[in-house]
Amino acid sequence: MVAGDYSNIRGYVAYTPYGELSDPMVVSLTPQDLHAIADNDFSSTFGVLLVLLKLMQMLTQSHPHLIVGKTLCYESDNSALVWDIQRMNGDWRNYPVVRRIWELAMNYNLTLEPVWYSRDTPNQVEAARLSKLTDNSEWVLNTRVFQDRVVSAAAMFGYTITLDVFASTTNGKAPRFYSK
């Protein structure tokens with residue numbers, strides 16, 4: 001079971017109330033994600049669908065033993081997400097993400113079981129609390145130093161920087177990033 005909450009500013013958090021994961025999974029939204037959400041009239045539903053997809057991708061990559069061939073009971077306070085997933089469709093603007101969710105589920109023999117819960121239930125209250133945590137110790141590397149030193153050094157060895165492990169939506173230097 002996974003309970004989650006979405007913040008259209010920071011990203012999304014999902015946690016396992018029964019401790020299958022030792023820490024909550026935090027999915028930070030990229031600037032491109034935030035732009036896509038802003039362009040969608042049903043931004044809340046589109047946002048939670050987008051991040052459910054990212055959560056599933058993270059689970060299949062990092063914790064496949066928890067997801068492959070299993071049932072993912074996903075608790076959300078977004079009834080449209082539940083409806084879209086159960087019917088395997090949705091508003092035409094949301095359908096591409098719904099389709100990708102189901103394709104991923106089929107590729108990993110995963111049964112999806114989305115369940116709506118009121119935002120007042122304990123798991124949803126905890127998910128909402130976790131989604132609003134901020135890290136006041138945030139710092140950022142100067143953009144010129146990053147380009148001149150880090151990107152240049154990576155290029156010398158044939159690498160490209162794709163993940164910034166000390167970032168947020170406001171200071172990320174790579175297409176993907178991790179933050180608290």
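The values are calculated or read from the model by the stated rules, or taken from the named source; none is laboratory data. What you see is a predicted model; the values in this text were computed from it and never measured. Here the Cβ positions follow ideal geometry from the backbone for every residue, glycine too, while neighbour counts run over all protein chains shown. Just the protein is used for accessible areas: all its heavy atoms, side chains included, with ligands, DNA and RNA removed. Shrake-Rupley method; radii C 1.70, N 1.55, O 1.52, S 1.80 Å.
The requirement of being modelled with pLDDT of 85 or more, open to solvent by 30 Å² or more (accessible area, probe 1.4 Å) and out of contact with any His (no Cβ under 7 Å at 6 or more places or on another chain) is satisfied by Thr111.
Ser44: modelled with pLDDT of 85 or more and farther than 22 Å from Arg176 by Cβ, yes or no? When the stated conditions are applied, Ser44 does not pass them. I'd like to check something: does region 149-157 contain any residue that is open to solvent by less than 30 Å² (accessible area, probe 1.4 Å) and in contact with a strand residue (DSSP E or B) (Cβ under 8 Å, 6 or more places away or on another chain)? No, there is no match, as no residue in region 149-157 is open to solvent by less than 30 Å² (accessible area, probe 1.4 Å) and in contact with a strand residue (DSSP E or B) (Cβ under 8 Å, 6 or more places away or on another chain).
Do you know which of the residues in region 61-81 that are among the charged types (D, E, K, R) and assigned to a loop (DSSP other than H, G, I, E, B) is modelled with the lowest pLDDT? The residue in question is Asp77.
Are any of the residues in region 78-88 under 20 Å from Leu21 (Cβ atoms) and touching a Gly at 6+ places or on another chain (Cβ under 7 Å)? Taking every residue of region 78-88 in turn, none turns out to be under 20 Å from Leu21 (Cβ atoms) and touching a Gly at 6+ places or on another chain (Cβ under 7 Å).
For region 85-105, the tally of residues that are within 19 Å of the chain's Cα centre (by Cα) and assigned to a helix (DSSP H, G or I) stands at 12.
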